[in-house]
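Since the structure comes first, as structure tokens, the remarks are kept for the end.
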Amino acid sequence: PTVVLRDGTQSRLDQEGQRLAAQLEAARAQSRASGRPVRWVPLDGGFRFSGLSEGAAVRAWLFPETRVRLSAGSTGLVLGPEPLIGPQAVELLAENRRVRVATDGVRPFGVLDGAAAP
């Protein structure tokens, strides 16, 4: 048997990614239920949800070294209220590691395999 150990940075990013995916899905469900548009907006040191009454508060990253990369021209993610939201993704970065949190617009947000950042 082979034992594979993940480095601490990658483990922290995986944890951030799982947490973010769960929060994106919860906000997506709230958007659909309320019929109100909701956006996820990254900020220095954290993020917030616009369109949710409790979303105005800034939510800090678990690990302060976490950074965000969005696709060119994007300022955040659109989470609804439409049931099909289109493909969207965000990369979480720390040191030379990354985790991608994404959806194809139909399936829930999930964490894709992390790798060394270019």
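Round to the nearest 10 and give me the degree value, 0 to 90, for the angle of helix 8-34's Cα axis relative to the longest principal axis of the chain.
10 degrees
When the helix-only estimate is applied to the chain (DSSP H runs of n ≥ 4, each -39,500 (n - 2.57), divided by the residue count), what is the mean residue ellipticity at 222 nm, nearest 500 deg cm²/dmol?
Numbers: 1 runs with 27 residues, N = 118.
For the chain, the value works out to -8000 deg cm²/dmol.
Work the Kirkwood hydrodynamic radius out for the stretch 51-90: mean of 1/r over every pair of different alpha-carbon atoms, inverted, in Å. Numbers along the way, then the final one.
Numbers: mean 1/r = 0.0792 Å⁻¹.
After inverting the pairwise mean of 1/r, the radius is 12.6 Å.
Given a 10 angstrom Cα cut-off, can you work out which residue in Ala21, Ala60, Ala102 is the most mobile in a GNM of the chain?
Ala60
With charges only on Cβ, +1 for K and R and -1 for D and E, what is the dipole size of the chain about its Cα centre, in debye, rounded to 20?
Values: 15 positive and 12 negative charges, 41 e Å.
Roughly 200 debye for the chain.
Between Leu84 and Gln15, what is the label-to-label distance in nm when each label sits 7 Å out along the Cα-to-Cβ direction?
Label at Leu84, label at Gln15, 3.9 nm between them.
Please report, in cubic angstrom per residue, the volume enclosed by the convex hull of the alpha-carbon atoms of the chain. Please report the intermediate quantities before stating the final value.
Working: hull volume 13.5 nm³, N = 118.
In the chain, the Cα hull volume divided by residue count equals 114 Å³.
In the stretch 53-95, whose amide N lies under 12 Å from the spot 7 Å out along Cα-to-Cβ of Leu43? List them in ranges.
Inside the label zone: 55-61.
Take every Cα pair under 8 Å in the chain that's 6+ residues apart, average their separations, divide by the length, and report that relative contact order as a whole percent.
Working: 220 pairs, mean separation 32.1, N = 118.
The normalised contact order for the chain reaches 27 percent.
Where the accessible area of the stretch 1-101 is counted over protein heavy atoms with a 1.4 Å probe, how much of it, in %, is carbon and sulfur? Don't skip to the answer; put the middle values down first.
On the way: 3100 of 5590 Å².
Using a 1.4 Å probe with all protein chains present, the stretch 1-101 comes out at 55 percent carbon and sulfur.
Can you give the three extents of the C-alpha atoms in the stretch 23-65 along their principal axes, from longest to shortest, in whole Å?
Principal-axis extents of the Cα atoms in the stretch 23-65, largest first: 34, 16, 13 Å.
The values are calculated or read from the model by the stated rules, or taken from the named source; none is laboratory data. Model, not experiment: these values are computed from the prediction. All Cβ positions, even for glycine, are placed from backbone atoms using ideal geometry, and neighbour counts span all protein chains on display. SASA here: full protein model, heavy atoms, side chains in, ligands and nucleic acids out. Shrake-Rupley method; radii C 1.70, N 1.55, O 1.52, S 1.80 Å.
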